[in-house]
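One structure below.
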Amino acid sequence: METVFWSDSMVALYWLREKGGWSVFVSNRIKEIRNLFPNSEWCHVPGKINPANLISRGCSPSHLVESHWWKGPLWLVESPVTWPITKLPDSNTSEISLERKKLHGFLDLLIMLEAEAVTERKDNCLLVVGQLDKLESAEIQLNRSVQAQSFTDEKLISNLSVFRDDNNIIRVKT
């Protein structure tokens, strides 16, 4: 059965349609969606004509009752040739680039660590000696960096009972 999904997020559609170096989080979500709906088509519905946005923009109960929110947009029951067509965004948009930078930053760190960790090669196997401290240090730095970018205002997560550990990493008390 052919299934058509609609999203008003151009970035999410780009992630779904393009193979690319996304962050682990985005890659896992995309993989899960593709596994659940392998033969689906993903289309863009502009926010202006997306009835799902009606509630989030705020409307009166009478306007909601009179709207197409309950049945969907009128064009959806028409022939697919009348459906809105929107071109995918350029891959250089900030949100798309940000997901690629997250991945590349992590890969650069791993490459740097691997270059420092290789002490000798034997029978096409890498022998890594005494590098646990470097890997742990890299993990701490990576966690700090991600948390600094993600939690610029710690007041927003204060209700989660968070604290900073000895490495200045934000943790949740459990």
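General remarks:
- The single condition from (1) modelled with pLDDT under 65; (2) surrounded by 13 or more Cβ atoms within 10 Å (Cβ to Cβ) that Phe37 fails is (1).
- Under the condition of being within 25 Å of Arg17 (Cα to Cα) and in a loop (DSSP other than H, G, I, E, B), the residues counted in the stretch 41-90 number 17.
- Test result for Ser62, open to solvent by 50 Å² or more (accessible area, probe 1.4 Å), more than 30 Å from Ile140 (Cα to Cα), at pLDDT 80 or above and not β-branched (Val, Ile, Thr): yes
- Some residue of the stretch 88-103 being open to solvent by 50 Å² or more (accessible area, probe 1.4 Å), at pLDDT 75 or above, on the phi < 0 side of the Ramachandran plot and of a type outside the set (Lys, Arg): no
- Selection within the stretch 14-32 - farther than 24 Å from Ser150 by Cα and open to solvent by less than 90 Å² (accessible area, probe 1.4 Å): Glu18
- Tally of residues being of a type outside the set (Lys, Arg) and open to solvent by 80 Å² or more (accessible area, probe 1.4 Å) across the stretch 147-167: 7
- Residue count for the stretch 43-57, restricted to those that are closer than 27 Å to Ser150 by Cβ and at pLDDT 80 or above: 0
- Of all residues making up the stretch 17-40, the number that are of a type outside the set (Asp, Glu) and not in a helix (DSSP H, G or I): 9
- If you go through the stretch 40-50 and pick out every residue that is of a type outside the set (A, V, I, L, M) and open to solvent by less than 50 Å² (accessible area, probe 1.4 Å), you end up with 6.
- Listed by first and then second residue, the pairs with beta-carbon distance under 7 Å, at least 6 apart or on different chains, first residue in the stretch 138-149 and of a type outside the set (Asp, Glu), second in a helix (DSSP H, G or I), are Ala138/Leu109; Ala138/Leu113; Leu142/Phe106; Leu142/Leu109.
The values are calculated or read from the model by the stated rules, or taken from the named source; none is laboratory data. In this text the structure is predicted, and so the values were computed from the model without any measurement. Every residue, glycine among them, receives a Cβ derived from its backbone with ideal geometry; neighbour counts consider all protein chains shown. These accessible areas exclude ligands, DNA and RNA; they are computed on the full protein's heavy atoms, side chains included. Shrake-Rupley method; radii C 1.70, N 1.55, O 1.52, S 1.80 Å.
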